[in-house]
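Below is one structure, written out as structure tokens; comments come after it.
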Amino acid sequence: MRTRPLKVALLGCGVVGSEVARIMTTHADDLTARIGAPVELAGVAVRRPSKVREGIDPALVTTDATALVKRGDIDVVVEVIGGIEPARALITTAFEHGASVVSANKALIAQDGAALHAAAEQHGRDLYYEAAVAGAIPLIRPLRESLAGDKVNRVLGIVNGTTNFILDKMDSTGAGYQEALDEATALGYAEADPTADVEGFDAAAKAAILAGIAFHTRVRLDDVYREGMTEVTAADFASAKRMGCTIKLLAICERAAHGGSVTARVHPAMIPLSHPLASVREAYNAVFVEAEAAGQLMFYGPGAGGAPTASAVLGDLVAVCRNKLGEATGPGDSAYTQLPVSPMGEVVTRYHISLDVADKPGVLAQVATVFAEHGVSIDTVRQTGKDGEASLVVVTHRAPDAALSGTVEALRRLDTVRGVASIMRVEGE
Ligand code: NDP
Ligand code: HSE
């Protein structure tokens, strides 16, 4: 057992960072035994130095994060500030000054993961980020290590706790969107700017990271098709219920059947109540991974929150510290190929479309003709109406997204179609 401690610089001491510091202190003996050396909190960089931080020695607190990572005696930097800058510059500086890095920053890894991995490799350091995707759930390591000998074809799941919390509350208690978002924010689930959650940017960043690791290819944030959940209404939930479904914000990454391209997308979708993802409540996440030899694997657990996320950070910290002691590094960038990322128009799935139409003879036939002209086959139609107006709900068979978009455009041009109330994909059947 080495007695000289490994020194850790904590960048950020908010929802996640404060829990990292707490666990490092309360579990110090166990961490020492597991690593083979003590770990010492050597400095804590924050924005507001005067804020009272329970359990943190005020002498360790600094606002000069750059000076902290440049000290030269830091073994591991834990970056839990979030955002692109100064996090990116601090991580790069940390590598240059001898430290490996553990980060929970999905926005940064999705945008600059390749460059950061290259910088880590150049300086012989580790870059670990288990906490960046799906909170406490071990997912990056299983994909990077346990499934390294298999061929992953699909990753599908709920990867944002805040939006799952909101959708669950809207569905199960009839809560309003803002009320549920406020509660998720108070519980520490939401990003500093919750737009990242509700507009799907956070889930898209996670999808880019997952797709890149799962398919060993480069998937940029811009490659991920993204729709948020701000337009999901109580009427959509009622409609979903009539179909025996609920609504979840899903991230879906797929390798094409021919294997030569991939797709990655984030959008709300109806899923049958019988599907395991339908019973994922509150801020929990769940991810299915389909691999050629392993078959279907399901990962489930808390997807957000201080302590669950700190668990993933601490797991990485132990791994990185062990590597340091062994003078080794863990797995680096897993992308060794550049598969094209197909546009959303080529994705094939089912659709649930709600239309407000005139209730008069021939309208149903007109609508059906538009679907037929675009090669979109109708599975079911339900019409309810009164006083000359009707609501038409059409559920299609599987069709390419481009064909569905063409259908909707043409429907909007019909005089008898007053409006397209909602379009939602149907998944998981
Ligand atoms: P918080 O906003 O709660 O904490 C951010 C921390 O960073 C604060 O301590 C803040 O200081 C500090 N900080 C901000 N800017 C600077 C700066 N320029 N220099 C030094 N310190 C700075 O965020 P979270 O803890 O929620 O999230 C941190 C990271 O973890 C993000 O990347 C997030 O996406 C990720 N994450 C969060 C999860 C969650 O459930 N919250 C789950 C998974 C990942 P001060 O305290 O003085 O304001
Ligand atoms: N805001 C994120 C979420 C935190 O709600 O999932 C966890 O990554």
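Couple of notes before you dig in:
- Note on the chain: GNM, Cα springs under 10 Å; of GLY385, GLY36, GLY83, the largest mean-square fluctuation is that of GLY385.
- The longest stretch of the chain left intact once loop-based trypsin sites (Lys or Arg not before Pro) with at most 11 other Cβ atoms within 10 Å are removed from consideration, loops following DSSP, is 52-429.
- Relative contact order of the stretch 348-426, defined on C-alpha pairs under 8 angstrom at six or more residues apart (%): 49
- Whole-number D in µm² s⁻¹ for the stretch 28-144, Kirkwood Cα-pair radius fed into Stokes-Einstein, 20 °C, 1.002 mPa s: 141
- Rounded to the nearest 10 degrees, the angle from helix 15-26 to the longest Cα principal axis of the chain is 40 degrees.
- Directionally averaged projected area (the stretch 348-426, Cα convex hull): 4.4 nm².
- Label-to-label distance, nm, for residues given as GLN178 and THR380 (7 Å Cα→Cβ offset): 3.5
- Cα-based Kirkwood hydrodynamic radius, the chain, one decimal, Å: 23.0
- The GluC sites (Glu not before Pro) of the stretch 210-303 that meet both conditions, a loop assignment by DSSP and at most 15 other Cβ atoms within 10 Å of the site Cβ, are GLU231, GLU292.
- Percent of beta bridges antiparallel (DSSP, the stretch 140-302, rounded to nearest 5): 95
- Hypothetical label at SER146: residues of the stretch 310-337 whose amide nitrogen lies under 16 Å (7 Å Cα-Cβ projection): 312, 315-316
- For the stretch 181-254, radius of gyration divided by Kirkwood radius, i.e. Rg to Rh on alpha-carbons: 1.05
- For ALA335, no residue 5 or more places off, or on another chain, has a built amide H under 5 Å of its own.
- Förster radius 22 Å - calculated FRET efficiency between GLU346 and GLU292 (Cβ-Cβ, nearest 0.05): 0.50
- Listed cross-link partners LYS7/LYS106; LYS70/LYS206; LYS51/LYS206; LYS151/LYS241; LYS51/LYS324; LYS248/LYS360 are compared with a 26 Å cut-off, the Cα-Cα value being larger for LYS70/LYS206; LYS51/LYS206; LYS151/LYS241; LYS51/LYS324; LYS248/LYS360.
- Largest GNM mean-square fluctuation among ALA286, ALA256, ALA269, using the chain with Cα springs under 10 Å: ALA256.
Values quoted throughout were computed directly from the atomic coordinates according to the rules given, and no laboratory measurement underlies them. In this text, all values refer to a predicted model and were calculated from it rather than measured experimentally. No Cβ is skipped: glycine too gets one built from the backbone with ideal geometry, and neighbour counts run over all protein chains shown.
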